[in-house]
Amino acid sequence: YINLRLGDYPLGLKQLFEALPIIEPLQEDRGLADVYDSITGIYHHIGNYPEALDIAYKQLRAAQRAGDMQRVANANNNLSAIYFETGDQEKSKETLQSNLLMAKDIGHTRIECLTYINLAYYFLSVGEEKTAVKNGLLGLQVSRDCGYEMFEIHALHILGRSYQKTSCYDQALAHLEEAADRSRALGTKVTEILVLQTQGEVFRDMRQVERAKECLN
């Protein structure tokens with residue numbers, strides 16, 4: 001899990017697959033679902049969506065066997081992200097919206113927060129920037145209320161991208177600069193690079209070429 005957050009995906013994947021034969025004989029479905037969750041996350045990050053989908057379904061089945069609705073919600077959230085990346089956007093949206101209701105019902109603030117952020121990404125992708133901002137702000141609020149630092153970075157990033165699309169460049173840069181600062185504070189190079197790339201795109205849109213180069217180099 002730590003190597004996933006640090007961006008060392010090969011090592012993280014190797015360690016997780018080493019954990020599977022230890023956990024599987026124990027018939028501890030909660031722990032199994034958690035390992036599958038991390039494997040799904042790595043496959044998703046590296047763009048191996050067929051493997052991500054296969055493992056996400058295994059994660060869902062393990063969570064269902066355990067009767068753990070929080071882990072079921074987490075698996076559904078992973079599935080919605082994979083549906084989105086593989087072109088089934090409507091199924092992704094439906095899964096997110098039903099999962100948001102479930103998360104609120106069981107008080108699972110982590111999934112509630114992540115679902116708002118994923119909905120923001122969805123609405124931005126279909127050209128509904130105002131709805132993307134609305135969901136991004138809700139995700140940001142939950143992340144700050146609950147101390148979810150990584151989710152706060154993702155919420156700030158999607159807000160920056162959403163404001164960029166509406167040409168609200170000052171708002172975009174303010175959120176992106178905060179996201180970059182948070183990334184540096186947590187030592188998460190992957191998110192810092194993504195945020196800097198978006199900052200560069202905003203400066204490019206503003207025709208500030210030199211500042212764009214500083215971010216993109």
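Please pick out the residue among ARG207, ARG144, ARG184 that is surrounded by fewer than 23 Cβ atoms within 10 Å (Cβ to Cβ), not β-branched (Val, Ile, Thr) and not in a helix (DSSP H, G or I). So that I can check it myself, show each step before the final result.
Numbers: ARG144 fails: not in a helix (DSSP H, G or I); ARG184 fails: not in a helix (DSSP H, G or I).
Answer to the selection: ARG207.
Looking only at the range 189-201, decide whether some residue is over 18 Å from the mean Cα position of the chain (by Cα), over 18 Å from ILE117 (Cβ atoms), in a helix (DSSP H, G or I) and not polar (S, T, N, Q).
Let us first name the residues in the range 189-201 that are over 18 Å from the mean Cα position of the chain (by Cα), namely 199-201.
Checking which are over 18 Å from ILE117 (Cβ atoms) leaves us with 199-201.
With in a helix (DSSP H, G or I) added as a condition, the list becomes 199-201.
Now narrow it down to the ones that are not polar (S, T, N, Q): 200-201.
Yes.
On the given criteria, is LEU176 part of a helix (DSSP H, G or I) and buried (at least 23 other Cβ atoms within 10 Å of the Cβ)? Spell out how you get there, then give the answer.
Working: part of a helix (DSSP H, G or I): yes; buried (at least 23 other Cβ atoms within 10 Å of the Cβ): yes.
The answer is yes for LEU176.
Out of the residues in the range 18-53 that are under 21 Å from the mean Cα position of the chain (by Cα) and not in a helix (DSSP H, G or I), state the one that is modelled with the lowest pLDDT.
Residue satisfying both the conditions and the ranking: ILE46.
Since SER80 meets every condition but one in (1) assigned by TED's automatic domain parsing to the domain that holds VAL202; (2) small (Gly, Ala, Ser); (3) in contact with a Ser or Thr (Cβ under 8 Å, 6 or more places away or on another chain), which condition does it not meet?
(1)
When LEU60 is evaluated against the numbered criteria (1) under 19 Å from the mean Cα position of the chain (by Cα); (2) buried (at least 17 other Cβ atoms within 10 Å of the Cβ); (3) at pLDDT below 95, which criterion, by number, is the only one it fails?
(3)
Would you tally the residues in the range 87-113 being touching a residue at least 24 places away in the same chain (Cβ under 8 Å), more than 20 Å from GLU149 (Cα to Cα) and of a type outside the set (Lys, Arg)? Talk me through it step by step, then tell me what you get.
Pass one, the range 87-113, residues touching a residue at least 24 places away in the same chain (Cβ under 8 Å): 89, 92-93, 96, 99, 102-103, 106, 108-113.
Next cut, more than 20 Å from GLU149 (Cα to Cα) only: 89, 92-93, 96, 99, 102, 106.
Subset that is of a type outside the set (Lys, Arg): 89, 92, 96, 99, 102, 106.
Adding up the residues that qualify gives 6.
Considering each of PHE84, PHE17 in turn, give the residue that is touching a residue at least 24 places away in the same chain (Cβ under 8 Å) and among the aromatic types (Phe, Trp, Tyr).
Numbers: PHE17 fails: touching a residue at least 24 places away in the same chain (Cβ under 8 Å).
None of the other options fit; the residue is PHE84.
Mind listing whichever residues of the range 64-81 are of a type outside the set (A, V, I, L, M), more than 12 Å from TYR36 (Cα to Cα) and part of a helix (DSSP H, G or I)?
Taking the range 64-81 and keeping what is of a type outside the set (A, V, I, L, M), we get 64-65, 67-68, 70-71, 74, 76-78, 80.
Going one step further and asking which of them are more than 12 Å from TYR36 (Cα to Cα), we end up with 64-65, 67-68, 70, 76-77, 80.
GLN64, ARG65, GLN70, ASN76, ASN77, SER80, listed by residue number.
Output yes when any residue across the range 85-101 is assigned to a helix (DSSP H, G or I), under 30 Å from MET206 (Cα atoms) and among the charged types (D, E, K, R), and no when none is. Talk me through it step by step, then tell me what you get.
Taking the range 85-101 first, the residues assigned to a helix (DSSP H, G or I) are 85, 89-101.
Going one step further and asking which of them are under 30 Å from MET206 (Cα atoms), we end up with 85.
With among the charged types (D, E, K, R) added as a condition, the list becomes 85.
Among the residues of the range 85-101, at least one is assigned to a helix (DSSP H, G or I), under 30 Å from MET206 (Cα atoms) and among the charged types (D, E, K, R), which makes the answer yes.
Taking only the range 81-108 into account, find how many residues are of a type outside the set (A, V, I, L, M) and buried (at least 17 other Cβ atoms within 10 Å of the Cβ).
The total comes to 7.
The values are calculated or read from the model by the stated rules, or taken from the named source; none is laboratory data. Everything numeric here is computed off the predicted structure, so don't read it as measured data. Cβ: placed from backbone, ideal geometry, glycine included. Neighbour counts: every protein chain shown.
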